Amino acid sequence: MPWVFKTEPGECSIDDIGAAGRDGVIWEGVRNYQARNFLRDQVAVGDLILIHHSSCAEIGVAGIAQVTAVAFADPSQFQQQSPYFDPKASAEKFAWYAVKVTLVEKFPRVLTLAELRACPGLAELALVKKGNRLSIMPATKQQFDLVLFLIKT
């Protein structure tokens, strides 16, 4: 299943994912229950991800990553210095999950949110709907393929 993962480039950019090489990066810090449930229950090894940069100068899809490890305890919830620290979390009982991702392709340019919204075939993509602030969102194969088509044309 394809996904859209939103990130602020200052936290984890497409370049950070690429720099991690085959080891990939831990996608941590998700603190919304619906997004957490997607990570825990539906994201699978091999799933492709559109990496969407937000809260930055160039808002849009910057490339593709792939899930390489799923549904393990988000390490940031145990780190007191982390902004994602959860004082109630323990190794035996925790609420937050992470996955590991690696770079598949960095796009030659950011496919902007405006371009995505202008494409009628993406009208149902959760990312372009007003009020959707989830950091993890499902996409259909058709939506994923249409984004790839747009970046290549």
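The values are calculated or read from the model by the stated rules, or taken from the named source; none is laboratory data. Being a predicted model, the structure only gives us computed values, none of them experimental. FYI the Cβ positions are ideal-geometry reconstructions off the backbone, even for glycines, and counts take in every protein chain you see. Just so you know, the surface numbers come from the protein's heavy atoms only, side chains and all, with ligands and any DNA or RNA stripped out. Shrake-Rupley method; radii C 1.70, N 1.55, O 1.52, S 1.80 Å.
Consider the stretch 7-65 and keep the residues that are open to solvent by 80 Å² or more (accessible area, probe 1.4 Å), assigned to a loop (DSSP other than H, G, I, E, B) and not charged (D, E, K, R). The one that is farthest from Ala89 (Cα to Cα) is Ala57.
Residue count for the stretch 95-111, restricted to those that are surrounded by fewer than 16 Cβ atoms within 10 Å (Cβ to Cβ) and within 18 Å of Leu39 (Cβ to Cβ): 1.
In the stretch 33-48, the residues that are more than 14 Å from Pro2 (Cα to Cα) reach residues that are charged (D, E, K, R) with C-beta atoms within less than 9 angstrom, at least six apart or across chains, in these pairs: Arg36/Asp74. Contact map, the stretch 112-140: first residue farther than 15 Å from Ile51 by Cα and open to solvent by less than 20 Å² (accessible area, probe 1.4 Å), second residue of a type in the set (D, E, K, R) and part of a loop (DSSP other than H, G, I, E, B), Cβ cut-off under 8 Å, separation 6 or more or different chains; the map is empty. Within the stretch 68-83, being open to solvent by less than 60 Å² (accessible area, probe 1.4 Å) and either more than 16 Å from Leu39 (Cα to Cα) or at pLDDT below 95 (or both) holds for Val70, Ala71, Ser82. Output the number of the condition that Phe94 fails; it satisfies all remaining conditions of (1) over 28 Å from Gly60 (Cβ atoms); (2) touching a residue at least 24 places away in the same chain (Cβ under 8 Å). Single failed check for Phe94: (2).
Across the stretch 125-146, the number of residues qualifying as modelled with pLDDT of 95 or more and over 21 Å from Ala44 (Cα atoms) comes to 1.
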